[in-house]
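Q: Got a structure for you, questions after.
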Amino acid sequence: DGPTLCLLSHCDTVLANPDEWTHDPWCGEVIDGELWGRGALDMKSQTAAEVAAGIELANSGWRPANGDLLIVCVVDEETGGADGVAWLCENHPDLVRCDYSLNEGAGAFFELGGERLYGVCVAEKGVCRFTITTDGVAGHASNPRFGDNALLKLAPLITALGEWEPVYDLTDGASALMTDLGAPVEDGDVGAALDRLRQREPLLAAFVEPMLGLTFAPTVISASGKINVLPSQAKLRVDCRTPPGLGEALVRKRVAEVLGTEGYRLEFTEQAIGNGSAVDSPLMDLLSGWIAREDPGARTVPIVLPAFTDSRTIRATFPDSVSYGFFPMRHTSLAQMWPLIHAPDERIDVRDLAFAARCFSEIAQELLGSAS
């Protein structure tokens, strides 16, 4: 008897347009010490590192003294995970039942005041996408006054969403992060704490801000189907990300604060509540100790992922489990990594694959012990 550690990953990727890339996005070649290709960061490298760690452990004769090591690789994460981890949890929960799991979500280093920090994702935001609809009267575009253009009614709503000054909703993981970054939230004033961080490290503050509350991102507009027809209806789709544990009620409140309650219709189209794990745990202690040994002077900090991963399903299915996102990269900074995810020229320093594989191997041995 003992804990089960799951090394989780997905091998599906988003699409790529070869015309936008310096090298073929499907080449999988090492060029100047970097592995190029779609999925190099998100997240086939972590799949490779986890599998390599498992193979190395098995070939060495290692067996856990207590518990089990699971390696789970799925597809369908990029389209929501319904046919991947969610399907496994619903239909074969015993195959993925675990006490601890490591997945994507964090691990690239960043610097603060000359100190190297490695993020460990302890929580993930949820998604609460919605559509705003405005109504008008159709007419011929040659005479705009003989009609009521619904698109013009949508325009000020888009502007209001874009100019909205966020109201922060601090969660435990985000609070712990701000404290670890030397900008603790005092008297509930998240904005003041963020301003202090922004004065020291403006780029880091830009990464951190979405972790602290709800965000609106208008992304898709649809109106008239013909260029010479005034639209009688216009729709705006908004990608809204919510703090862990919060959902539609908060979004309705914020939308009303920003747009008022008249002149549009609001329809929610997709919702998933974010969740998180305890910041303090035996697994966090092991990850922190490993980083301190491998990169002397560096340390780990908890982060809240502005997006979401399959870890949210593991947490929801097994509430007592601890699920973190961690793929340690010593040679690739957060500032270098983030612009390449889902973007052209995605690539990773090959040294980071070996770095991460060693991490997964050694953490498994420390957590589960050795019977050999």
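The values are calculated or read from the model by the stated rules, or taken from the named source; none is laboratory data. None of the values given here were measured: they were computed from a predicted structure. Glycine also receives a Cβ, built like all others from the backbone with ideal geometry; neighbour counts cover every protein chain displayed.
Q: Does residue 360 count as surrounded by 22 or more Cβ atoms within 10 Å (Cβ to Cβ) and either at pLDDT below 95 or out of contact with any strand residue (DSSP E or B) (no Cβ under 9 Å at 6 or more places or on another chain) (or both)?
A: Working: surrounded by 22 or more Cβ atoms within 10 Å (Cβ to Cβ): yes; either at pLDDT below 95 or out of contact with any strand residue (DSSP E or B) (no Cβ under 9 Å at 6 or more places or on another chain) (or both): no.
Taking the combined requirement at face value, the residue does not satisfy it.
Q: OK, next. Quickly run through segment 205-234 and pick out the residues that are of a type in the set (A, V, I, L, M, F, W, C) and over 30 Å from residue 120 (Cβ atoms).
A: Filtering segment 205-234 for residues of a type in the set (A, V, I, L, M, F, W, C) gives 205-208, 211-212, 214, 216-217, 220-221, 223, 227, 229-230, 234.
Result: 220, 221, 223, 227, 229, 230, 234.
Q: Please work out which residue is nearest to residue 8 (Cα to Cα), limiting yourself to segment 25-67 and to residues that are among the charged types (D, E, K, R) and under 26 Å from the mean Cα position of the chain (by Cα).
A: Only one residue tops the list, namely 50.
Q: Sticking with this one: Criterion first (outside any strand (DSSP E or B) and crowded, with 20+ Cβ neighbours inside 10 Å) does residue 119 satisfy it?
A: Numbers: outside any strand (DSSP E or B): no; crowded, with 20+ Cβ neighbours inside 10 Å: yes.
Answer is no for this residue.
Q: Then there's this: Could you pull out the residue among 161, 194, 204 that is in a helix (DSSP H, G or I) and closer than 30 Å to residue 231 by Cα? Break it down stepwise before answering.
A: Working: 194 fails: closer than 30 Å to residue 231 by Cα; 204 fails: closer than 30 Å to residue 231 by Cα.
Of the residues listed, the single one that is in a helix (DSSP H, G or I) and closer than 30 Å to residue 231 by Cα is 161.
Q: May I ask you to list the residues in segment 176-190 that are crowded, with 17+ Cβ neighbours inside 10 Å and either modelled with pLDDT under 95 or closer than 23 Å to residue 255 by Cα (or both)?
A: We begin by selecting, within segment 176-190, every residue crowded, with 17+ Cβ neighbours inside 10 Å; these are 176-178, 180-181, 183, 185, 190.
Within segment 176-190, just 190 meets the criteria.
Q: On the given criteria, is residue 165 at pLDDT 95 or above, exposed (fewer than 14 other Cβ atoms within 10 Å of the Cβ) and under 17 Å from residue 208 (Cβ atoms)? Give the steps one after another, and end with the answer.
A: On the way: at pLDDT 95 or above: no; exposed (fewer than 14 other Cβ atoms within 10 Å of the Cβ): yes; under 17 Å from residue 208 (Cβ atoms): yes.
It is false that residue 165 is at pLDDT 95 or above, exposed (fewer than 14 other Cβ atoms within 10 Å of the Cβ) and under 17 Å from residue 208 (Cβ atoms).
Q: Still on this structure, please answer the following. Hey, among the residues in segment 14-30 that are of a type outside the set (Gly, Ala, Ser) and out of contact with any strand residue (DSSP E or B) (no Cβ under 9 Å at 6 or more places or on another chain), which one's surrounded by the fewest Cβ atoms within 10 Å (Cβ to Cβ)?
A: Residues of segment 14-30 of a type outside the set (Gly, Ala, Ser): 14-15, 17-27, 29-30.
Still in the running and out of contact with any strand residue (DSSP E or B) (no Cβ under 9 Å at 6 or more places or on another chain): 14-15, 17-20, 26.
On the way: 14: 13, 15: 8, 17: 9, 18: 12, 19: 6, 20: 10, 26: 14.
Within segment 14-30, the match that is surrounded by the fewest Cβ atoms within 10 Å (Cβ to Cβ) is 19.
Q: If you don't mind, there's one more thing I want to ask. Please enumerate the residues belonging to segment 164-184 that are of a type in the set (Asp, Glu) and part of a helix (DSSP H, G or I).
A: Initially, segment 164-184 is screened for residues of a type in the set (Asp, Glu), giving 165, 169, 172, 180.
The answer is 172, 180.
Q: I would also like to ask the following. Of the residues 338, 290, only one is over 15 Å from residue 103 (Cα atoms), under 16 Å from the mean Cα position of the chain (by Cα) and touching a residue at least 60 places away in the same chain (Cβ under 8 Å); which? I'd like the intermediate steps shown before the answer.
A: Values: 290 fails: under 16 Å from the mean Cα position of the chain (by Cα).
Criteria check complete, one pass: 338.
Q: To continue, here is another question. Among 81, 37, 33, 114, which is the only one that is touching a strand residue (DSSP E or B) at 6+ places or on another chain (Cβ under 9 Å), farther than 26 Å from residue 367 by Cα and either at pLDDT below 95 or not assigned by TED's automatic domain parsing to the domain that holds residue 344 (or both)?
A: Numbers: 37 fails: either at pLDDT below 95 or not assigned by TED's automatic domain parsing to the domain that holds residue 344 (or both); 33 fails: either at pLDDT below 95 or not assigned by TED's automatic domain parsing to the domain that holds residue 344 (or both); 114 fails: touching a strand residue (DSSP E or B) at 6+ places or on another chain (Cβ under 9 Å).
Going through 81, 37, 33, 114 in turn, just one is touching a strand residue (DSSP E or B) at 6+ places or on another chain (Cβ under 9 Å), farther than 26 Å from residue 367 by Cα and either at pLDDT below 95 or not assigned by TED's automatic domain parsing to the domain that holds residue 344 (or both): 81.
Q: Can I ask one more? Can you name every residue in segment 1-41 that is assigned to a strand (DSSP E or B) and not polar (S, T, N, Q)?
A: Step one: filter segment 1-41 for residues assigned to a strand (DSSP E or B), giving 4-10, 30-31, 34-36.
Across segment 1-41, the qualifying residues are 5, 6, 7, 8, 10, 30, 31, 34, 35, 36.
Q: Please enumerate the residues belonging to segment 206-230 that are closer than 17 Å to residue 158 by Cα and surrounded by 17 or more Cβ atoms within 10 Å (Cβ to Cβ). Reasoning before the result, please.
A: Restricting attention to segment 206-230, the residues satisfying the condition of being closer than 17 Å to residue 158 by Cα are 214-223.
Of everything in segment 206-230, those that are closer than 17 Å to residue 158 by Cα and surrounded by 17 or more Cβ atoms within 10 Å (Cβ to Cβ) turn out to be 214, 215, 216, 218, 223.
Q: Now a separate question. Name every residue in segment 33-92 that is hydroxyl-bearing (Ser, Thr, Tyr) and under 17 Å from residue 309 (Cα atoms), in order of residue number.
A: Start the filter on segment 33-92 by keeping residues that are hydroxyl-bearing (Ser, Thr, Tyr), which leaves 45, 47, 60, 79.
45, 47, 79, listed by residue number.
Q: Just the residues that are surrounded by fewer than 21 Cβ atoms within 10 Å (Cβ to Cβ) and β-branched (Val, Ile, Thr), please, taken from segment 333-357.
A: Answer for segment 333-357, where residues must be surrounded by fewer than 21 Cβ atoms within 10 Å (Cβ to Cβ) and β-branched (Val, Ile, Thr): 341, 350.
Q: Regarding segment 130-148, can at least one residue be identified that is part of a strand (DSSP E or B), of a type in the set (Ser, Thr, Tyr) and surrounded by fewer than 20 Cβ atoms within 10 Å (Cβ to Cβ)? Show your work before the answer.
A: At the first step, the residues of segment 130-148 found to be part of a strand (DSSP E or B) are 130-135, 137, 139-140, 148.
Applying the additional criterion that residues be of a type in the set (Ser, Thr, Tyr) yields 131, 133-134.
This time we only want the ones that are surrounded by fewer than 20 Cβ atoms within 10 Å (Cβ to Cβ), so: 131, 133.
There is at least one residue in segment 130-148 that is part of a strand (DSSP E or B), of a type in the set (Ser, Thr, Tyr) and surrounded by fewer than 20 Cβ atoms within 10 Å (Cβ to Cβ).
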